[in-house]
Structures are given as structure tokens and as C-alpha cells.
Amino acid sequence: MQTTRPAPSLFEAYPPTEDYELSSGVVCQVPYACRDADMAVLHGTADLEVVRRLLAGQRYQPVSIGANRCTAALWLADYHDTTCGPYKELIVSFAVSTKPLEIPASGPLELLQAGAHPDATVLCYKLILDQQVPIDYGREVHGHAKHPTPQPVDIAFSAPWCRFDVTCEGKRVAFGRVRFPEEPTGVQRLSIGFVTPKEVFQTRNIMHFDLEARYRLFGEGDEFSLSSDSTLGRELVDMRFTPQVVQHLPRIRFVMPKPLNWRGSKEK
């Protein structure tokens, strides 16, 4: 009788392969593993020309969705168990490509198609965290444009809400609350490509996920505000970032290998 071997778990498929010493002297395993986190993603639109100016000098440009708009996303993450310990993080990302590309979106859920197009990828534009080790790991191993010092990042998941209040250098960035969808969906394994900007050093990579994605339209009961007092908040205001879809990723797990163009750099 022939037996079928179960598929390997995500962390069996991508096990730790080496240790990496950060400039602080802290030693962390590579690849990075997130064994448990909760995330909410606000998918929305932004002014195409403003985002083009923000990305001027990059290899990548924003993907147009028509009507002089592009897609932008605000990620709210509460990491419970990772290679770098627990921490909280705000991420701003854009769907980008290396050449002019337009993927029209006639409805809110179609916004998600821009980053999934074979000629596009996701650019992780800015990140704000509340712990130093994941800041150093992200900057030194992956070239992420993480603010170099820990900041007050208050993100809390308590059904049915994700509440957030993020400050950087003593100035507010974004705050509010969004109701996340609670209808269960199946867990799926997928891989998503991303790039980092040139601010630290630009890398290309692929993240591997086990996730359960739930969606609802942004609207009744949701509260969302941006502050022009902070640099990132002012950029989001200037680009007229407008949330349209709330994505909930409960108990998400993922692995982030070394960049595809890894060179072991410790540039700052």
C-alpha cells in the first residue's frame, strides 16, 4: 500500500540556513521567519503624479490604474513570534513596474490586481517599527527603508477592530480604527515578490506565505486619519491616499529568504 507523505510545513520548506551578525552584534537566523502575526491592510488609491515624484530616481515607477491614480497600501502588523522577536510595524507600499504600465481598476477589489500583474511587483516604500533588532535586520539584510530608530507604533487587534496610532519623531503619522471581516476562509500558500527602494540599498526578493485572506470594503464604522505634521503623514496626505478595501490576515505565517541579489552588504 502506497502512502503519501504530507507536504512540508512552511518552515520545513524554508529552514534556517545560516546566522547573520548585525552591526549591533546581535546574531539572527537567515532566512527571516514570522511564525505568528496579525495584519490588517488598507488598500487604496493615490495620486499617480505625486507618487511618481516620490519615486523619482528609483528603478521602479508606480502602476497606473487610470484617471491619474495608482494603488497604495497601508499595512498594520502585530508580530507575535519572529526571528527578531515580537514587534509592531506600519508599512507603506505601492504596486510598481520597471516600465510604464496601466492596469485599469473599475472597482475597489480590482485594486489588488495591480501588484499581482506579472510585469509588476510591490515596492515597500517606508516602514516604521517599535523595536531595534527588526529595524537593523530589515535595513542590513534586506535594504528595507525602515526608520532607523524605534518609534511609538500602537497597533491592537481586538475583534472586530484593528486600532492604530502611529507616531514618528514625536509627530503623528496615521491613526484610527477599521473593522476587519471575520468570515473564515481557507489557508493558502503563496509567494509574493517585492523590492526595496534605494534609500538603504535596493534589493529584490520573494516572500513565502501561509495565510488566510479576508476582505471587506472600507466604510461604515471605520475611522482613518492622517497627520501632515510628520514627513510620511504629509506624503500620504499630498498623494491623497484613500482607503477602499480592508484586508485581514489573521495568524499569518511567512518566510523571507535572503534577497535574490544578496551581497551581504551592511551599508547604512
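The values are calculated or read from the model by the stated rules, or taken from the named source; none is laboratory data. What you see is a predicted model; the values in this text were computed from it and never measured. Every residue, glycine among them, receives a Cβ derived from its backbone with ideal geometry; neighbour counts consider all protein chains shown. These area figures cover heavy atoms from the full protein model, side chains too; ligands, DNA and RNA do not enter into them. Shrake-Rupley method; radii C 1.70, N 1.55, O 1.52, S 1.80 Å.
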Check your understanding: For the stretch 186-198, which residues satisfy the criterion of being within 23 Å of Cys34 (Cα to Cα) and open to solvent by 20 Å² or more (accessible area, probe 1.4 Å)?
Key -> Gly186, Val187, Gln188, Arg189, Leu190, Ser191, Ile192, Gly193
Review point. In this structure, does Pro150 turn out to be in contact with a Phe, Trp or Tyr (Cβ under 9 Å, 6 or more places away or on another chain), open to solvent by 20 Å² or more (accessible area, probe 1.4 Å) and either closer than 22 Å to Phe201 by Cα or aromatic (Phe, Trp, Tyr) (or both)?
Key: yes
Check your understanding: Name the pairs: first residue in the stretch 99-113 and within 15 Å of Leu42 (Cβ to Cβ), second residue part of a loop (DSSP other than H, G, I, E, B) and open to solvent by less than 50 Å² (accessible area, probe 1.4 Å), Cβ to Cβ under 8 Å, at least 6 apart or on different chains?
Key -> Leu111/Ala105
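Assess whether Ile135 counts as being modelled with pLDDT of 95 or more, in contact with a Lys or Arg (Cβ under 8 Å, 6 or more places away or on another chain), part of a helix (DSSP H, G or I) and crowded, with 17+ Cβ neighbours inside 10 Å.
Taking the combined requirement at face value, the residue satisfies it.
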Exercise for review: Can you tell me which residue within the stretch 204-219, out of those that are part of a loop (DSSP other than H, G, I, E, B) and touching a strand residue (DSSP E or B) at 6+ places or on another chain (Cβ under 8 Å), is most open to solvent (accessible area, probe 1.4 Å)?
Suggested key: Phe218
**Study point:** Cross-chain or 6+ apart pairs with Cβ under 8 Å, the stretch 157-183 first and at positive phi, then polar (S, T, N, Q) and open to solvent by less than 30 Å² (accessible area, probe 1.4 Å)
**Key:** Glu169/Gln151; Glu169/Ser230
Review point. Which of (1) more than 16 Å from the chain's Cα centre (by Cα); (2) open to solvent by 30 Å² or more (accessible area, probe 1.4 Å); (3) closer than 26 Å to Leu55 by Cα is the odd one out, the single condition Phe201 does not satisfy?
Key: (2)
